[in-house]
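Let me begin by presenting the structure, written as structure tokens, before commenting on it.
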Amino acid sequence: MPAQILDGKAIAQQTEAELSERVAQLKERSAGQTPMLATILVGGDPASATYVRMKQNACKRVGMASIAVEMSEETTTEELLAKIDELNSDPTCQGILLQHPMPSQIDERACFDSIVLDKDVDGVTCLGFGRMAMGEEAYGSATPQGIMRLLAAYDIPLQGKNAVVVGRSPILGKPMAMMLLNANATVTICHSRTENLPDIISRADIVVGAVGKPEFIKAHWIKDGAIVVDAGYHPGGVGDIELGPLHDRVAALTPVPGGVGPMTINTLILQSVEAGEKKLA
Ligand code: NAP
């Protein structure tokens, strides 16, 4: 049987219809004030600029406002912290997105952590991560949270399953592993020092590829009937997993593009709407 396609684009589109309604209600309840996401882009990385633009477009589609803060390549940590502070205390701003990666002189962790918890709609702070890991209320890191939403949308069972996450970055691999653990999967986290990676992957019921290297995870490492989630996206339209040969072998897979990417943006917007709703609650 061909693999079920976990269609992130379709799920994101469905959610946007519902989000437009919720934004309209929020406006009504706040005397016409439009909920707003602030995006911060530091430096001129073209890929980051594209991602920020896509996030602003998604705001527009659901009727949310967005402001685009653009800061130069030479920005210092202090300057960025001051800008975040300004947005933290801006009552018209419901959420803050600080686009990663930032120029090397910036203390990225300090800047992420300066975002107040109720505006951390991209789920990047240590506090948010800790709360999420402990099962407390917090916005999840957008990409892994989007993956969890996608798996839920297709009723993919996680409990008791052997899940292998390849990658341990603060925004993706680590929170992904915690979310799967909280969903009662048995989780293995792999990274650049992991030994016998193909062997570990071959035992996985669920594989999440978050490595950042095109088609690094080979199709023949993955067992028949597995659930395959590919977070990567590289020039040429390939992800971190060699997906081609898996289409007639695994139970389900996320396409590249159109799988994880749209769910990341959609989760950011969903969490921004939730932040607006919480403020009015
Ligand atoms: P990252 O910060 O570069 O982290 C990559 C991870 O892969 C690291 O933990 C690294 O291990 C691990 N790794 C590197 N080489 C490895 C190897 N040979 N064997 C096993 N593990 C290895 O990347 P990221 O930000 O997490 O992103 C991962 C992927 O997801 C990228 O393809 C990125 O484009 C994609 N992504 C997509 C979205 C989206 O919205 N769709 C959002 C974010 C990221 P060490 O920790 O040991 O170095």
Completion exercise
Counted residues in the stretch 88-120 being without any contact (Cβ under 8 Å) to a residue 60 or more places away in the chain, over 15 Å from Ile67 (Cβ atoms), within 16 Å of the ligand (Cβ to nearest atom) and not in a helix (DSSP H, G or I) come to 2
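Taking into account only those residues within the stretch 151-177 that are in a helix (DSSP H, G or I) and out of contact with any strand residue (DSSP E or B) (no Cβ under 8 Å at 6 or more places or on another chain), which is nearest to the ligand (Cβ to nearest atom)?
Restricting attention to the stretch 151-177, the residues satisfying the condition of being in a helix (DSSP H, G or I) are 151-153, 173-177.
Imposing the further condition that a residue be out of contact with any strand residue (DSSP E or B) (no Cβ under 8 Å at 6 or more places or on another chain) reduces the set to 152-153, 175.
Details: Ala152: 18, Ala153: 16, Pro175: 10 Å.
This residue is Pro175.
The rows are residues; the columns are (1) within 19 Å of Leu19 (Cβ to Cβ); (2) polar (S, T, N, Q); (3) buried (at least 21 other Cβ atoms within 10 Å of the Cβ).
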residue	(1), (2), (3)
Lys223	no, no, no
Ala226	no, no, yes
Val229	no, no, yes
Gly236	no, no, no
Asp240	no, no, yes
Pro255	no, no, no
Leu268	yes, no, yes
Ser272	yes, yes, yes
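Could you identify the single residue in Gly236, Gly225, Gly244 that is of a type outside the set (A, V, I, L, M, F, W, C), at pLDDT below 95 and in the same structural domain as Lys161 (by TED's automatic domain parsing)? Steps first, answer last, please.
On the way: Gly225 fails: at pLDDT below 95; Gly244 fails: at pLDDT below 95.
Among Gly236, Gly225, Gly244, only Gly236 is of a type outside the set (A, V, I, L, M, F, W, C), at pLDDT below 95 and in the same structural domain as Lys161 (by TED's automatic domain parsing).
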Handout entry: Among the residues listed as Asp230, Asp205, the single one being touching a residue at least 12 places away in the same chain (Cβ under 8 Å), away from the ligand (no atom under 11 Å from the Cβ) and either of a type outside the set (Ser, Thr, Tyr) or closer than 27 Å to Met64 by Cα (or both)
Key = Asp205
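The values are calculated or read from the model by the stated rules, or taken from the named source; none is laboratory data. The model shown is predicted, which means the values in this text are computed figures rather than measured ones. All Cβ positions, glycine included, derive from the backbone under ideal geometry; neighbour counts span all protein chains shown.
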